[in-house]
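Engineer: Below is one structure. I have some questions about it.
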Amino acid sequence: MKRWISFFGHLAIVVVLTSFGTYTVTNTQKIQLPSELLATDQGMVDRPAMVVESKDSTEASPVFLSKNFIGFREAVGFKESQGDYATVNTLGYLGKYQFGAGTLKLLGVDNTKSFLGNPALQEQVFLLNIERNKWILRRDIKRFVGKRINGVVISESGMIAAAHLAGAGNVKKYLRSYGKTDFSDAYGSTIAYYMKRFSGFDISTIKAVHNPKV
C-alpha cells in the first residue's frame, strides 16, 4: 500500500511540474504614464487605465489618448522621447520631440540650451513645425489622403508624423514613388512605419503656414 501511495505521490509531482512547463513567461515592462498624457481638449479621457504594458519599452505608447491633436502630439512625443523634455539622444537631437539644431534654426530658435529647458517653447515649436510641414505638403495631402500605399491608408496625421521623422521632402518622395523610395533614420524608423503608427489622428484644426517662426 505504501508503495502505491508513493507512486501516486511521485506521479502527482510530475503532472504539476509538467503543467508549469506548458506556460511561457513573457517579460513585460510597466510604464507609468503621467496624468497630462491622458488629457485631451475635451477634458480627461473616459478610460481609467494609467499603465501601458509592452514587451519593448521603446514601442510603448499612450494607447488611451483621444484621436485629436493633443492625442497626436503626445503620441509623437512619447515615441520620440517618452515625453522627456530634457533628453538629448546620441545624435544630438533635443527634447520631447527630438528636434535637430537645423530645424530649430528654421523655426527661429538659435539657443538650443534655452530650448531644452523650456517645455512651453518645445510645444510651440512642435506646433510651428506641423504648420510648416502642412504648407510644404499641402498638395500631397489633397492628392494622397485616403489612398493605400504599402498596405496603409494614407492620412494627414501619418504624413505629418513622417515629415517630423524624415522631413517633408522625403515624405513627398515616398508618396510620389508610391512607397518605393523610403527613408530610415539612424535607429531604423521609416516613413512607412510612421505612416502606419500615426494614422487616423484628426489634426485638421492646425492650419498650413508658410515659413512660421517663434
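Engineer: Given labels modelled 7 Å from the Cα in the Cβ direction, how far is it in nm from V145 to V214?
Structural biologist: 2.9 nm
Engineer: How are the C-alpha pair distances of segment 67-214 spread across 10 Å bins, as whole percents from the shortest bin up?
Structural biologist: Computed distribution, short to long bins: 12, 45, 36, 8, 0.
Engineer: Taking a 19 Å limit on the Cα-Cα distance, which of the listed pairs K67/K196; K147/K207; K173/K207; K105/K180; K79/K172 fall beyond it? Walk me through the intermediate numbers first.
Structural biologist: Working: K67/K196 14 Å; K147/K207 22 Å; K173/K207 23 Å; K105/K180 31 Å; K79/K172 22 Å.
In this structure, K147/K207; K173/K207; K105/K180; K79/K172 lie more than 19 Å apart at Cα.
Engineer: Trypsin sites (Lys or Arg not before Pro) within segment 105-214: which are DSSP loop residues with at most 16 other Cβ atoms inside 10 Å? Display every interim value, and only then the final one.
Structural biologist: Numbers: sites: K105, K113, R132, K134, R138, R139, K142, R143, K147, R148, K172, K173, R176, K180, K196, R197, K207, K213; in loops: K147, K180, K207, K213.
Loop-located and lightly packed - K147, K180, K207, K213.
Bear in mind these aren't lab numbers, they're just calculated from the coordinates by the rules spelled out. Note that the structure is predicted; figures quoted are calculated from it, not measured. Neighbour counts are summed over all protein chains in view; Cβ atoms, including those assigned to glycine, are modelled from backbone coordinates with ideal geometry.
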